[in-house]
Amino acid sequence: MKDRWRPVQIIFAGKAHPADDPGKRLLQDLINLARDPQLGGRIAFVEDYGEQLAQYLVHGVDVWLNNPLPPFEACGTSGMKAALNGVPHLSVLDGWWGEGFNGKNGWAVDHDANSENPDGSDAEKIYRLLEDQIIPLYYQMSETGIPLEWVRLMKATMKSAASGFSARRMVKQYIEKFYSTSIKNALED
């Protein structure tokens, strides 16, 4: 985070459930970390996360990091919206990312629930991916100063999300899986 040639800024946003005391403590720790002057503003916590703030985030971030504790990811609609805006993902294979990840549109963290320390294992995998793949790729520029491989990744992200996660696909899937069978059964009766 303090690398002057390849700096990273992390923006945290979200809310803890009112009954989630450990989650509240974690958010308080993040807020305190964001205030640390040694980090020079490289960590930010944005309060009151809601639809308006989500709109700004999905338009303006470079990597969408999502690390839910499987199988508790609700659905991932904010991640889908980010992908439609060309934001590659780094996520645990839960929620929509389990279906959406194709190896060309971001990075997947293989959560090991049987690990002695699943959270620590996930964190180590995330750090490795960031340090070894994501940050170097982000800062890799062509001779003309354009991050061609990053742009390719962004396009692949938009393409996979637009075709795979749309109302059209949903309706088609419902027709094929449910309505066709219902109509066929009704006609047979």
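Here are a few things to note about the model shown:
- Residues that are touching a residue at least 40 places away in the same chain (Cβ under 8 Å), under 13 Å from L153 (Cβ atoms) and outside any loop (DSSP other than H, G, I, E, B), drawn from segment 79-109: A83, H89, L90, G106
- Taking the criterion of being surrounded by fewer than 19 Cβ atoms within 10 Å (Cβ to Cβ) and assigned to a loop (DSSP other than H, G, I, E, B), the residues of segment 59-76 that qualify are V61, D62, N67, P68, L69, P70, P71, F72, A74, C75.
- Where a residue in segment 48-68 is under 23 Å from D110 (Cβ atoms) and touching a residue at least 40 places away in the same chain (Cβ under 8 Å) and its partner, wherever it lies, is aromatic (F, W, Y) and surrounded by 13 or more Cβ atoms within 10 Å (Cβ to Cβ), with Cβ under 7 Å and at least six apart: D62/Y138
- Condition met for Q9 (polar (S, T, N, Q), over 19 Å from the mean Cα position of the chain (by Cα) and surrounded by 11 or more Cβ atoms within 10 Å (Cβ to Cβ)): no
- Looking at S163, S115, S121, just one residue is touching a Ser or Thr at 6+ places or on another chain (Cβ under 6 Å), part of a helix (DSSP H, G or I) and modelled with pLDDT under 95, and that residue is S121.
- Check on D112, of a type outside the set (A, V, I, L, M, F, W, C) and surrounded by 16 or more Cβ atoms within 10 Å (Cβ to Cβ): no
Rundown of residues vs (1) farther than 23 Å from A54 by Cβ; (2) under 12 Å from the mean Cα position of the chain (by Cα), yes/no style:
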{"position": "N85", "(1), (2)": "no, no"}
{"position": "G95", "(1), (2)": "no, yes"}
{"position": "G98", "(1), (2)": "no, yes"}
{"position": "K104", "(1), (2)": "yes, no"}
{"position": "E131", "(1), (2)": "yes, no"}
{"position": "P136", "(1), (2)": "yes, no"}
{"position": "Q140", "(1), (2)": "yes, no"}
{"position": "F165", "(1), (2)": "no, no"}
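- Pairs, first in contact (Cβ under 8 Å) with a residue 40 or more places away in the chain in segment 27-45, second in a loop (DSSP other than H, G, I, E, B) and of a type in the set (A, V, I, L, M, F, W, C), C-beta under 6 Å, six or more apart: R42/M1
- Considered as a group, the residues in segment 12-48 that are of a type in the set (K, R) and part of a helix (DSSP H, G or I) include one that is surrounded by the fewest Cβ atoms within 10 Å (Cβ to Cβ), and that residue is R25.
- Single unsatisfied condition, A83 versus (1) buried (at least 19 other Cβ atoms within 10 Å of the Cβ); (2) closer than 16 Å to G14 by Cα: (2)
- Look at segment 162-175: where a residue is within 20 Å of G98 (Cβ to Cβ) and aromatic (F, W, Y), no partner that is modelled with pLDDT under 80 and part of a helix (DSSP H, G or I) sits 6+ places away or on another chain with Cβ atoms under 7 Å.
- Some residue of segment 169-176 being aromatic (F, W, Y), outside any loop (DSSP other than H, G, I, E, B) and modelled with pLDDT of 90 or more: no
- Within segment 121-147, the set of residues being of a type in the set (A, V, I, L, M, F, W, C) and surrounded by 12 or more Cβ atoms within 10 Å (Cβ to Cβ) comprises A123, I126, L129, L130, I134, I135, L137, M141.
The values are calculated or read from the model by the stated rules, or taken from the named source; none is laboratory data. Please read all numbers here as calculations on a predicted model, not as lab measurements. Virtual Cβ from ideal backbone geometry, glycine too; neighbours counted across all protein chains shown.
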